[in-house]
């Protein structure tokens, strides 16, 4: 076996798990779920069928990822973050054909207890603050907080707040990477 799974974890037949991944206590991975390499799946995590997790993801304790969730590489999902997959759920009405896709793009971070409403994409290196409720698509490098989540600024690939000058330029204090802001799009300069 090229991955580690705690003895209390339930891994259903048909689940694909990349090498170097660690799956901790009481987690459950359903059939047809795909987990990349070098991921850390915390305690009491549920990953439904047809969920695709990229490489080097860190999914903290008590997170449930339902059908339709796709994460790219280097994604962080904080403790007890919530994902939905149907806009109008009813116990007595089956809506499996109405599942909406949610994509969390490379390098994005989802804070503890945040809620991501289905059908919304989280941009590259975006940062969703703890407890935020995302109800719309989030641009690359956006810093989102509150309920409903609103954009409060921009954040670097490293995770530092970006302060743009009047020409739309900013420099990450930690890495010295340069960023350019045009309209509501932030780009890392080559």
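Things to note:
- Number of positions in the range 153-180 that are under 15 Å from residue 125 (Cα atoms) and in a strand (DSSP E or B): 8
- Selected residue (only one of 70, 47, 117 is crowded, with 21+ Cβ neighbours inside 10 Å and either in contact with a strand residue (DSSP E or B) (Cβ under 7 Å, 6 or more places away or on another chain) or under 28 Å from residue 186 (Cα atoms) (or both)): 47
- Complete set of residues in the range 82-111 that are touching a residue at least 40 places away in the same chain (Cβ under 8 Å) and part of a loop (DSSP other than H, G, I, E, B): 106, 107
- Selection count, the range 73-85, where residues are over 18 Å from residue 132 (Cα atoms) and surrounded by fewer than 18 Cβ atoms within 10 Å (Cβ to Cβ): 1
- Contact map, the range 113-134: residues that are at positive phi and touching a residue at least 12 places away in the same chain (Cβ under 8 Å) paired with residues that are buried (at least 21 other Cβ atoms within 10 Å of the Cβ) and outside any loop (DSSP other than H, G, I, E, B), Cβ distance under 8 Å, separation 6+ or inter-chain. Pairs shown: 119/102; 125/155.
Only the coordinates and a few stated rules stand behind these numbers; no lab work does. Given the structure is predicted, the values throughout are model-derived calculations rather than measurements. Here the Cβ is made from the backbone with ideal geometry for all residues, glycine too, and neighbour counts use every protein chain on show.
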